[in-house]
Structure formats: C-alpha cells, structure tokens
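Asks: To start, I am sharing the structure in question, which I have written as structure tokens.
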Amino acid sequence: MEVVDIHASCDAEFIAEVEAESSQRIAECYQCGNCTAGCPFTFAYDIPVSQIMRLLQAGQKRRLLTCKSIWLCATCESCTTRCPNNIDVARIMDVLRHLARREGYAAERNVKVFWDAFLDSVEKHGRSFELGILAAYIAKTGRFWPDLGLGPKILPKGKLGFKPHPIQGKKQVAEIFRRFREISRS
Amino acid sequence: MSVYAYYPGCSGLGTSIEYDISTRAVCQALGLALADVPDWSCCGATPAHTVDHLLSSALAARNLAQAEDLDVQALITPCPSCLTNLKTAMHRMSDRDFRGKVNKLLDRPVRRDLPVKSVLQVLVEDVGPEELASRLPGKPLAGLKLAPYYGCIMNRPPELMRFDDHEHPTAMDRLMQTLGAEVVPFPLKVECCGASFGVARKDITARLSAKLLETAQDLGAHAMVTACPLCHMNLDLRQGQAASVAGRQFRIPVFYYTQLIAVALRLPQDAIGLSKLCVSPNSAFKAMRKALRP
Ligand code: SF4
Ligand code: SF4
C-alpha cells in the first residue's frame, strides 16, 4: 500500500486551481468508488478514477499530472452520471490533462500526439482531414502505419478522401487558435 | 414542413459517409427539411476539450453563429460527439462571463440560443414511431434480430443531453421495432467502445469493442445497430482487431439506424450506402429471410 504524508506534500494551490477550472468541489467526494466501478478504462489505468479523486483531495500534484489515466479517459461520462454527489468527474479528468499539458507532462505520449495531429489539421483546413492526421501521427511517432491491416478494408470503400475539405472560413478557424494561444500566454 | 439546421460533422464526409447519406435521405422521406450550416467547421471533437474548454467551446460555437443565418427552430446533428460539443458549448455559454470569453475568440459572436438536438431525438419526438409506421409497407424488417448500441455520450450526462434514459435508452429500440425488427435485450447499450483510442491505443479499443461484439453475438443478434460514427468504426472497421483480442470469430454486420430505416422505406440503394460497410450486411438479411420462412 502506498503511504502519502499529506501534511508534507499537500499542494493546496493545486487543489484550488483544479476546483476553479472545473467548477467542482473536490471535498464532496466521499470515496464510494462508484466512478471506478463504472469506468470502462479501469483495466488500463495506472490509477483508478476514485483514487485520482482521493489523491486530488490530498493535493498530490506531481503524482496526478504524471499519471497515464488522465490521458486514457475517454470522457464517457459514466462517472459524472453516476456520482452520488453530482461531481462532474469527467470534467476534472479533462482539467487534469489541461494542467499536465501546461506543465509539459504527457505520460501517454502517443495519445497526445494523435490529438495534436487532429487539432493541427483543424487549424489548417477548418475541418479534420483523416488521412492527413494519420500521416502526421506516423511522422511524429515513428510508428509505421499503425493500422496496416485496415488499409485493404477501408480503401476500396472510397470513404477516405485523399485531399482535405478546406472551408471558406478556414482563416476564422485559424484565428480561434491564434487568439486562444495569445490569451493563454498572457 | 419543419426546417432544421443540419451539422453533418467531419466524419460524415469520410469514414461515416453512409450515415450522412442515409440520414439525409430518411429526413427527406419523412418530411424534415435540412439546411446545412453554412460553411460549417470542425466542432473540435474529443481532442479540443482535452486541451482547453474555452478552445473547444469556441470551435463548436463558430457553427452555432454560422447557423444564425438560417430560419430554423433547432440545429441537429447525427453524431453524438458533435452533439456533445455543441450542447456543452451552448450550455457553458449560459454563463455570461464564459460567453464573453468565447465570443472574443470568434470573428462572429454567438447571439442566439438555438436548441441543439440529435437527429435521433427529432426522429423520435418530432416524427414519432406512429408516423414512421404509417409510411412503411407493413413490417419490412420482421425476422431481423438487432442489438441496439447507443454508445456512452448520446444520453450522458442526462442534465445536458435531456433526451431518453441515460442507463437504459430506448429511442432506437422503438424505431427498430416500428420497422418490424426484434430488439434483443442488450445490456451494454451505454458501455464505451474504446472511443477515439483506435490509433494510439488500439489494444484498449479492441478489448472494449470485443466485449460488445461478444455479447451481441451470444444474444443471437443478426446485427448491431448504432447511432455513432466512432462506435461504428470501432465495431465495423476494427472488428478483426476485436476478434484477435477475443480469440474468436465475429461476423456481425453493424448498421447505422438510419440505414435500416432507409431499407425499410425502400429508398434507393445509393441513399442507403450499404456497400460502404466493411462487414458485409448480407448475413443479417439472409438470417432475416430465413426467420420468416415457415
Ligand atoms: S462516485 Fe463521486 S463520490 Fe464516489 S468516489 Fe467517485 S467522485 Fe467520489
Ligand atoms: S469519463 Fe473517464 S474517468 Fe469517467 S468513467 Fe469515463 S473513462 Fe472513466
């Protein structure tokens, strides 16, 4: 069992930050475990979601921002829907990965690379371009066509466009990203 | 005729093109006019909200602003992921402070509060099973056994989605029963299929999808029916990956519910897009015909 000295290592500022960004009250969690029981990703998590809530109450910033679970949460909303205290747990998971990003952590790097490739595509074209996203993912992870077996299944279906679908307002979309980065820096 | 602003979503142009085609055809056949959101852009999907909630709301909100040019009562979308993003953005913008911040990221601010709904909700509430039944030649899908799979976010969280039941949804069940199909009691209606981890962690996606496919097969379903492009991709395109994890063969066609409505309405083949499915749907229709023979 892991022993945490919460007096020595509790980061109260971190708790306040998560509460402010998620609009949730962390102390309301009474550790019933309902969220973990319904979480479909518990088998793949390094820390189950109810334990994430407990570590959060104990202000264990580094432990949380470096864990894998926050990158594997699918925002399925099961925890949020079933929490008896109406805590929006999925929103807290989202906020934890926002903070992890800002501090430069990504314990599941490939997941982050995929999401980044997706957003780059949207920033460039205004819409997501599936083949372009895969190509960018392959280039950044060095994984050669991770879904090699799927090519013969999907290509003959003529569903994957070989060109993006740019929109007229793609500059407006790029501006959203630019302004967002600007206010995030200030 | 009711007119709705229609948001197809990016996958509707690619991997879920058959969902888009059949949705448009079914809406037209049932008297729902769709006006595409002019020059719509990506709603941000999953990746945007994992980066920041202001960014994801702004990406979704650009489309809400674009829809304001249309004379419509609601904006509808077939995709649950787009639905969640659009609804979440609208909901969070009820906070004036947040709305101001979102509008600052946009060229064109959001002014109206347009209701956002799924196509499924509109088909069930504004058309309804009785009206649908009146347009059908009898019970065209009698004999077909379906496992209805809703996915995790179509109805969750309930305070936001405000439609159907969040643990035991029945909207698709009712539509499929109206077509004459038999709906098996599928216990994993709202379990997660592995969502968008198919590329970065396909081991996880395969394991979660395998559980759904196994259960559907063990319940004797001839096919699964879904309302989500991502679920569909994991269950149909990635069915082979799920099979290797499960260590057993799957041969389960996975339909979009709009495709089955289109089949029942006898719409033309190119309005249904059955040839776009990776797992051939023939076995399901064969089983259906066999079940009808005395
Ligand atoms: S369901 Fe809610 S109260 Fe129970 S452990 Fe999870 S977060 Fe805490
Ligand atoms: S939202 Fe995330 S943490 Fe919550 S149940 Fe779903 S996968 Fe687990």
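Asks: Within straight cross-link reach of residue B:202, meaning Cα distance under 19 Å, which aspartates and glutamates are found once same-chain residues fewer than 8 apart are removed?
Replies: Those aspartates and glutamates meeting the cut-off are A:46, A:108, A:116, A:130, A:147, B:191, B:214, B:236.
Asks: Turning to a different aspect of this structure: Helix B:282-292: angle to the longest alpha-carbon principal axis of chain B, degrees 0 to 90, nearest 10?
Replies: Between helix and principal axis, roughly 60 degrees.
Asks: With labels modelled as points extended 7 Å from the Cα through the Cβ direction, what inter-label distance (nm, one decimal) is found for residue B:270 paired with residue A:27?
Replies: If labels sit at residue B:270 and residue A:27, their model points lie 6.6 nm apart.
Asks: I would also like to ask the following. Helix A:12-22 versus the longest principal axis of chain A: what is the Cα-based angle in degrees, 0 to 90, to the nearest 10?
Replies: 50 degrees
Asks: Also, quick follow-up: Which whole-Hz ³J(HN,Hα) couplings does segment A:76-87 yield from phi under the Karplus relation 6.51 cos²θ - 1.76 cosθ + 1.60, θ = phi - 60°, glycine and proline marked x?
Replies: 7, 6, 5, 4, 4, 5, 9, 5, x, 9, 6, 7
Asks: With N set to the number of residues, divide the alpha-carbon radius of gyration of segment A:34-81 by 2.2 N^0.38 Å and report two decimals.
Replies: That ratio works out to 1.06.
Asks: Which FRET efficiency value, to the nearest 0.05, is calculated for residue B:162 and residue A:17 with the Förster distance at 30 angstrom and r the Cβ-Cβ distance?
Replies: 0.45
Asks: Dipole magnitude of the protein assembly as shown about its Cα centre, charges +1 at Lys/Arg Cβ and -1 at Asp/Glu Cβ only, in debye to the nearest 20?
Replies: Magnitude of the dipole: close to 1280 debye.
Asks: Please state the charge dipole magnitude for segment B:2-119, taken about the Cα centre, from unit charges on C-beta atoms (+1 on K and R, -1 on D and E), reported in debye and rounded to the nearest 20.
Replies: Dipole of segment B:2-119, to the nearest 20 debye: 360 debye.
Asks: Okay, helix-only estimate at 222 nm for chain A: each DSSP H run of n ≥ 4 adds -39500 (n - 2.57), divide by all residues, round to 500 deg cm²/dmol; what do you get?
Replies: -16000 deg cm²/dmol
Asks: Under a point-charge model restricted to the Cβ atoms of Lys and Arg (+1) and Asp and Glu (-1), what is the dipole moment magnitude of chain A relative to its Cα centre, in debye to the nearest 20? If you can, show how the numbers build up before the last one.
Replies: On the way: 27 positive and 21 negative charges, 208 e Å.
In debye, rounded to 20, chain A gives about 1000.
Asks: Which ³J(HN,Hα) values, rounded to whole Hz and listed in residue order, are derived for segment B:6-19 from phi using the Karplus coefficients 6.51, -1.76 and 1.60 in 6.51 cos²θ - 1.76 cosθ + 1.60 with θ = phi - 60°, glycine and proline given as x?
Replies: Each residue's phi maps through the Karplus curve to give 10, 10, x, x, 4, 5, x, 8, x, 5, 10, 4, 5, 6 Hz.
Asks: Now a separate question. Scan around residue B:6 for amide H atoms under 5 Å from its own, H built in the peptide plane at 1.01 Å from N, and keep only partners 5 or more places away or cross-chain.
Replies: B:35, B:36, B:37, B:76
Asks: By what distance, in whole Å, do the Cα atoms of segment B:2-119 stretch along each of the three principal axes, largest value first?
Replies: Sorted from largest, the Cα extents of segment B:2-119 read 43, 30, 20 Å.
Asks: Give the value in nm², to one decimal: projected area of the alpha carbon convex hull of segment A:15-151, averaged over all directions.
Replies: Working: hull surface 37.6 nm².
For segment A:15-151, averaging the hull's shadow over all directions gives 9.4 nm².
Asks: With N set to the number of residues, divide the alpha-carbon radius of gyration of the protein assembly as shown by 2.2 N^0.38 Å and report two decimals.
Replies: Relative to the rule-of-thumb radius for its length, the protein assembly as shown sits at 0.96.
Asks: Under the definition of partner shielding as Cβ atoms of other protein chains within 10 Å of a residue Cβ, what is the mean value for peptide A:121-130?
Replies: Rounded to a whole number, the mean comes out at 5.
Asks: State, in angstrom, two size descriptors of segment B:139-291 derived from its alpha carbons: Rg to one decimal place and Dmax to the nearest whole number.
Replies: Cα radius of gyration and Dmax of segment B:139-291 are 14.8, 44 Å respectively.
Asks: Let me ask something else about it. Which angle between 0 and 90 degrees, to the nearest 10, do you get for helix A:109-125 versus the longest principal axis of chain A when only C-alpha atoms count?
Replies: 50 degrees
Asks: Follow-up. For segment A:71-119, which GluC sites (Glu not before Pro) pass both filters: DSSP loop (anything but H, G, I, E, B) and at most 13 other C-beta atoms within 10 Å?
Replies: A:103
Asks: Here is a further query. How large is ³J(HN,Hα), in whole Hz, for each residue of segment A:93-106 in order, when computed from phi with the Karplus curve 6.51 cos²θ - 1.76 cosθ + 1.60 and θ = phi - 60°, using x for Gly and Pro?
Replies: 4, 4, 4, 5, 6, 4, 5, 4, 4, 4, 8, x, 9, 7
Asks: On to the next question. Around residue B:56, what is the net charge, scoring Lys/Arg as +1 and Asp/Glu as -1 over all other residues with Cβ under 11 Å from its Cβ? Please list the in-between numbers first.
Replies: Details: positive: B:92; negative: A:94, B:52.
Charge balance in the 11 Å sphere: -1.
Asks: Related question: Taking each residue in B:34-47, count the Cβ atoms of any other chain within 10 Å of its Cβ, then average. What number comes out?
Replies: Going residue by residue through B:34-47 and averaging, the value is 5.
Asks: May I pose another question? Let me see the P(r) profile for segment A:109-185: every Cα-Cα distance counted, bins of 10 Å, each bin given as a percent of all pairs.
Replies: With 10 Å bins starting at 0, P(r) equals 18, 40, 32, 9, 1.
Asks: Related question: Amide H of residue B:182 versus every other amide H placed in the peptide plane: which residues, excluding those fewer than 5 positions away on the same chain, fall under 5 Å?
Replies: B:143, B:144, B:145, B:146
Where a number appears in this text, it was derived from the coordinates with a stated rule and is not lab data. None of the values given here were measured: they were computed from a predicted structure. Cβ: placed from backbone, ideal geometry, glycine included. Neighbour counts: every protein chain shown.
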